[in-house]
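This report concerns only the one structure given below.
Any read-out appearing in this document is the output of simple, stated calculations on the displayed coordinates, not a laboratory observation. Please read these numbers as outputs of a predicted model, since none were measured by experiment. Neighbour counts run over all protein chains shown; Cβ positions are idealised from the backbone, glycine included.
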Amino acid sequence: MKQVIDEGILAAGRYDDAPRLMKKRCEEALSFILGQIDRNLETFIGTFPSEASTGNVYRQVGNTEWTPAFWTGMLWLAYETTGNEKYRQAAEKQLSSYKQRIEERRYTNTHDLGFLYTLSCVSAYKLTGNEEAKQIALDAAELLYIRYLDQAGIIQAWGNLDDPRQRGRMIIDCLMNLPLLYWASEESGDRKFYDAAHSHVRMSAKYLIREDASSYHTYYMDAETGDPKYGKTAQGYSDDSCWSRGQAWGIYGFPLSYRYTGETELLDLTTKIANYFLNRLPEDFVCYWDLIFTEGPEERDSSAAAIAVCGLLEAAAHLPLTEPLKRKYENAALKILESLIENYMTTDVPESNGILLHAVYSKPGNNGVDECCIWGDYYMHEALVRVTRDWKPYW
Ligand code: GLY
């Protein structure tokens, strides 16, 4: 493994030059994605793609996991970018399933309500003014808010709030669930959602991010006293390594909180986290599944790469013109994206109904290793929309 120094500081050279990626190539990639969505349109109406593929083919599953809305979100992206009503109709048909999940409290004991309801219902409301979707998303925000542990100032990620194995545990992925709370505060006028999200992001910055700008996947707080306990991985290589997707959730999640809070510390922290990530990319700019690996035969995680592209673009959008990292992050985002387009899409894998090859769901769990993962497909789609259009995030 290569020795990497200068934590938090971007190594010189690699991201200084503008990439070769052309808009035409991005539009071609988007057309391919639309073709795959068309191919899946009938299959995934009353059902959703599995979290990860098997042999690069998604199965049909119900609305139970943390992932269905990545498919619904792709339908909304397709509708927004083409204006074609068939995508809107397909997305709207799925809304009843999200409503039922909330009403019946099925698989709602999770912080992932943010992923689920931002990409299905907040998007529906933002794009079409659908009032029912707005209400469903507000109901979801109420359920997410229940998971806020006042004493610890964090949102518990997984499990029942009284489950001793999960009590007081926050995880870096949760940063992507906070926009639902910020949005709910804006729409309802109730500040409690904002306050919970704001406290959670500050605790994440303090405890999930290490001194060297790498991240713990998860961190335990004492829910009764509010004292910090210890970091632990769930999907990374080890407790003290840096899980690539976790770092990518940070690269995207912190600037999203900056968007709502305007706190410059969050943007400063984003640059350190992003630099740590960018300093560890292999030759082709697509990260291994854990950043402890920078070369060799371990699997890549293309989904983390796609998330990082969106995050780098989000961060760059907020950085001032005078900040040299702004241009470097745009360059880095395009270099990663170019590599994903050229080497990781399913273009030459006709049996696949996915978009991005070579993602990893959980290496320690031996689940979805070197497969398509539905969130990787979503973020690849979002990244391409971001670089070709003036796009307002659903987040
Ligand atoms: N949020 C779950 C994962 O990234 O695998």
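Working out 0.36 nm times the residue gap between L143 and D222, then minus their Cα-Cα distance, what length gain in nm do you get to one decimal?
26.3 nm
Round to a whole angstrom and tell me the spacing of the C-alpha centers of the range 334-367 and the range 162-231.
Using only Cα atoms, the two centres lie 30 Å from each other.
Tell me, what ³J(HN,Hα) does each residue in the range 359-366 have, in order and in whole Hz, if you take phi through Karplus 6.51 cos²θ - 1.76 cosθ + 1.60 with θ = phi - 60° and put x for Gly and Pro?
Per residue, the Karplus-derived 3J(HN,Hα) values read 9, 10, 7, 9, 5, x, x, 6 Hz.
Which order, highest average first, do 57-69, 170-182 follow once you tally other Cβ atoms within 10 Å for each residue and take the mean per peptide?
170-182, 57-69
Evaluate the relative contact order of the chain (contact order divided by residue number), counting alpha-carbon pairs under 8 angstrom at least 6 apart; express in whole percent.
RCO, the chain: 20 percent.
Rounded to the nearest 0.05, what FRET efficiency do K206 and L161 have when you use their Cβ-Cβ distance and R0 = 22 Å?
That gives a FRET efficiency of 0.50.
Suppose the Debye formula is applied to equal point scatterers at every Cα of the chain; what is log10 I(q)/I(0) at q = 0.11, 0.14 Å⁻¹?
-0.73, -1.27
Please give the contour-minus-distance gain from T347 to E298: 0.36 nm per residue of separation, less the Cα-Cα distance, rounded to one decimal in nm.
Roughly 15.3 nm would be gained on extension.
Of the peptides 242-249, 272-279, how do they stack up when ordered by the mean number of other Cβ atoms within 10 Å, highest first?
242-249, 272-279
Please identify every one of the chymotrypsin sites (Phe, Trp or Tyr not before Pro) in the range 78-126 that sits in a loop by DSSP and has no more than 10 other beta carbons within 10 Å of its own beta carbon.
Of the chymotrypsin sites (Phe, Trp or Tyr not before Pro), not one in the loops of the range 78-126 has a Cβ with at most 10 other Cβ atoms within 10 Å.
Given a Förster distance of 25 Å, report the FRET efficiency between D195 and E103 from their Cβ-Cβ distance, rounded to the nearest 0.05.
0.40
If r is the Cβ-Cβ distance from E265 to E28 and R0 is 45 Å, what FRET efficiency results, to the nearest 0.05?
Approximately 0.65, to the nearest 0.05.
Could you work out how much longer the chain between A18 and T64 gets when fully extended? Use 0.36 nm per residue separation minus the Cα distance between them, nm to one decimal.
My answer for the length gained is 12.3 nm.
Given a cut-off of 29 Å, name the pairs among K24/K99; K134/K192; K229/K335; K86/K134; K24/K326 whose C-alpha atoms lie farther apart than that in the structure shown.
Violating the 29 Å limit, Cα to Cα: K24/K99; K229/K335.
Given the options D162, D377, D38, state which has the largest fluctuation in a GNM of the chain using a 10 Å cut-off (strictly under) for Cα springs.
Largest GNM mean-square fluctuation: D162.
Could you sort the peptides 228-240, 305-317, 12-24 by per-residue average Cβ neighbour count (10 Å cutoff), highest mean leading?
Descending packing order for the listed peptides: 305-317, 228-240, 12-24.
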